[in-house]
Amino acid sequence: MAKKPGSDVINPSRQMQLFEILDSRDSEFSNTVELYDALPKYYWGEQRELDPASIRNPVITRHFKSRGAEYSVKISPAIIEREAKDGVLHSVLIYPGPREEIVEEVLRRYAVSGSGREINDEAGVVFTISQLRRELARQKHTFRYDEIKESLLVMQKAHLECRRLSGDTTESFSGTFLGRTYLTTRKDYLNSDENTKGFTTFHPLVTHSIRSLTFRLYSYQISMQIRSSLARYIYKRMSHYWTQASEHNPYEFKVVSYLEASPRGLSVRMKDNLRAIRNALDELKKRDVLQDYYLEPIKSKEDRRVTKDAEVRCYPHPTFIARMKRANHHQKQLRQQPDPAD
């Protein structure tokens, strides 16, 4: 049991043990998290860094649906100080983007591999930046040491709120992407070497999912191999929700609503939206996630030359079906576990 500054105490827990994946047959897997991994919470735009003086309201508001319920998502950027060449500090607003998404995915991988802990009842993970660099490089996502440190700082300061808008139940989860983050002391956090032991807690929605046992196996290796952010987003959604994947049960969606609910958003030109979907699904075919897919344009009633949307049907690759069956088996075993709170 390791103590950190103040009264915080890091402990293993029964709930974090259930989140772990210890079977050697499941070495390629990590866990997707209910709702959190479906949120359009990252920023994929070209300009994710802004001058604080250039924007009046930096909060991004998005809407999406999950399991029939409507949600609003608000993302506030991190305020990061950088030192210019002349030594003068200046502030910049940074939204969590693809870099932070990959780093967070590696942190969660460590949590399922035996490094998960609880601090003051929040789910978290113990790690070193050296470990992060090695794993990122192994997965061909190479970042400099200072880039990894900045990504951790961005997630520690950027804020994410998810609020349910429909139904009788009012739910709201609010917090930074990463909560308490320590590299021994604040001084160590800013000036640490690569091997300084660190700890961070995840967003409250991740803790909620772990407590509710609403997480699910997915192939971490495939996810890290995927280079398209949109393809990775689709892959995680398929892995979490397409539980009965088969040639007789395709994964279906409409392009407009699907992209509107994703971090990518909707482009003005429909042909750009269709191209983005095709490119993402082609990559999933390349990774043996999909056997095939069909995209059927929906024409405007006023002008049949105009495509206003498209229906997509995806058919799973046998390898993906096998992984989903493995995930279903693991989910069944989880439900048979005694309540960790008992």
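Find the residue count for the range 257-286, including only residues that are β-branched (Val, Ile, Thr) and under 13 Å from residue 228 (Cα atoms).
Of the residues in the range 257-286, 1 are β-branched (Val, Ile, Thr) and under 13 Å from residue 228 (Cα atoms).
Report the residue count in the range 226-236 for those that are more than 19 Å from residue 112 (Cα to Cα) and not in a loop (DSSP other than H, G, I, E, B).
Residues that pass the stated criteria total 7.
Say we look at the range 252-276 and pick out the residues that are more than 21 Å from the chain's Cα centre (by Cα) and among the polar types (S, T, N, Q); which of these is nearest to residue 41 (Cα to Cα)?
267
Looking only at the range 89-136, which residues are within 19 Å of the chain's Cα centre (by Cα), small (Gly, Ala, Ser) and over 25 Å from residue 76 (Cα atoms)?
The answer is 111, 113, 115, 116.
Among the residues of the range 288-306 satisfying the criterion of being over 17 Å from residue 267 (Cα atoms) and part of a strand (DSSP E or B), which is modelled with the lowest pLDDT?
Only one residue fits best here, namely 299.
Out of the residues in the range 51-100 that are loosely packed, with under 14 Cβ neighbours inside 10 Å, among the hydroxyl-bearing types (Ser, Thr, Tyr) and out of contact with any Ser or Thr (no Cβ under 9 Å at 6 or more places or on another chain), state the one that is nearest to residue 266 (Cα to Cα).
54
On the basis of being in the same structural domain as residue 62 (by TED's automatic domain parsing) and surrounded by fewer than 23 Cβ atoms within 10 Å (Cβ to Cβ), does residue 275 make the cut?
It is false that residue 275 is in the same structural domain as residue 62 (by TED's automatic domain parsing) and surrounded by fewer than 23 Cβ atoms within 10 Å (Cβ to Cβ).
Does the range 307-325 contain at least one residue that is outside any strand (DSSP E or B) and at pLDDT below 95?
No, because not a single residue in the range 307-325 is outside any strand (DSSP E or B) and at pLDDT below 95.
The values are calculated or read from the model by the stated rules, or taken from the named source; none is laboratory data. Small disclaimer: the values here were computed from a predicted structure and weren't measured. Using ideal geometry, Cβ is built from the backbone for each residue, glycine included, and neighbour counts are taken over all protein chains shown.
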